1. With the condition being surrounded by 23 or more Cβ atoms within 10 Å (Cβ to Cβ), I'd like the helices (runs of 4 or more DSSP H) fully within segment 110-218 carrying at least 2 qualifying residues.
2. Given the conditions (1) surrounded by fewer than 17 Cβ atoms within 10 Å (Cβ to Cβ); (2) within 19 Å of Glu267 (Cβ to Cβ); (3) not charged (D, E, K, R), which single one is not true for Gly85?
3. Given the conditions (1) within 19 Å of Asp48 (Cβ to Cβ); (2) part of a helix (DSSP H, G or I); (3) not aromatic (Phe, Trp, Tyr), and given that Thr99 satisfies all but one, which numbered condition is not satisfied?
4. I need the full set of residues from segment 58-82 which are surrounded by 15 or more Cβ atoms within 10 Å (Cβ to Cβ) and charged (D, E, K, R), in order please.
5. Give the residues of segment 34-51 that are of a type outside the set (Phe, Trp, Tyr) and part of a helix (DSSP H, G or I), sorted by residue number.
6. Name, by its number, the condition in (1) loosely packed, with under 15 Cβ neighbours inside 10 Å; (2) touching a residue at least 60 places away in the same chain (Cβ under 8 Å); (3) among the aliphatic types (A, V, I, L, M) that does not hold for Ala46.
Amino acid sequence: MTIDRRQFLGQVGAGVVLASGMAQASQSRRLDRIGVQLYTVRDAMAKDVDGTVARVAALGFREVEFAGYFDRTPQQIRALLDRHGLTSPSTHIDLATITDRLPQVIEASRVIGHQYIVLPWLDDAARSQPDIWARVADTLNRAGETAKAAGLRMAYHNHHFEFAPTASGQLPFDLLLERCDPALVAFELDLAWITAAGQDPLAYFAKYPGRFPMVHVKGLRKRSGQGASVPIDQMMSDIADVGGDSVEWARIFAQSGQAGITHYFVEHDAAASPFDSLKASITYLQGLRF
């Protein structure tokens, strides 16, 4: 059988398209280590630390981020993690403790195996202070120098209020990114809160590449009236399980390399059934390709 030039080129072109599609499919990625912010199960942790961590591990999580140790010593926490094959790359520590007790925080972090000490929150009173964001950046830089000497890094975790312009017109989140020394201070980007504020995570990845080694992964219902100035209690009702929500997970995670993401922590701030929420979220993420 013979074919003319047009048929030949058509077959060659079809083969190239097929090969290209197969190559793209083979290059798709998925999350191989999914973590959880234990604030999601804080009520269970208050009652039974060991049992709660065991349930989290049984769901398939391999990393945990702490928000309090519930009267356990660093040695006890480390033994618990080892027993369940878990690691804990980071911990959330409030501003007062970072300011007043940083050496103790660093000592505990080294025992447990943390890499990052994360400032997770500024309350209303703190946010109302003059020049608070510049002072927070300076505090994180100073703490970062001490942490770096111990092999650790400081980090900042956002909500949505960091994207409400100050009197000067600057976004607090931009100020923090510009004023914090990248060698000393990392950022843990909460992907639901930045989306709720009407900002695009990919724009920040492009402008500040490599600055976001950690992300919080939580779902967000899309409602009218979302924005950086909406009270946080009102925004809480929009938090959802991951998957089937308004956050574009595949689009975001496809740029993980540019962002520098190495740790993905699932969180739900106010789940009616925390363990069911975590199961739904990790099931979705385990099947996600990007």
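Readers should treat all values here as calculations from the given coordinates under stated rules, not as data from a laboratory. The structure displayed is predicted, hence computed values, not measured ones. Positions of Cβ are generated from backbone atoms using ideal geometry, with glycine treated the same way; all protein chains shown enter the neighbour counts.
1. Details: elements: 124-127, 132-149, 172-179, 191-196, 201-207.
Once the helices (runs of 4 or more DSSP H) in segment 110-218 are filtered for at least 2 residues that are surrounded by 23 or more Cβ atoms within 10 Å (Cβ to Cβ), what remains is 132-149, 191-196.
2. For Gly85, the exception is condition (2).
3. Condition not satisfied by Thr99: (1).
4. Arg62, Glu63, Glu65, Arg72, Arg78
5. In the first step, residues of segment 34-51 are kept if they are of a type outside the set (Phe, Trp, Tyr); the result is 34-38, 40-51.
Passing the criteria: Leu38, Thr40, Val41, Arg42, Asp43, Ala44, Met45, Ala46, Lys47, Val49, Asp50, Gly51.
6. Condition (2) is where Ala46 drops out.
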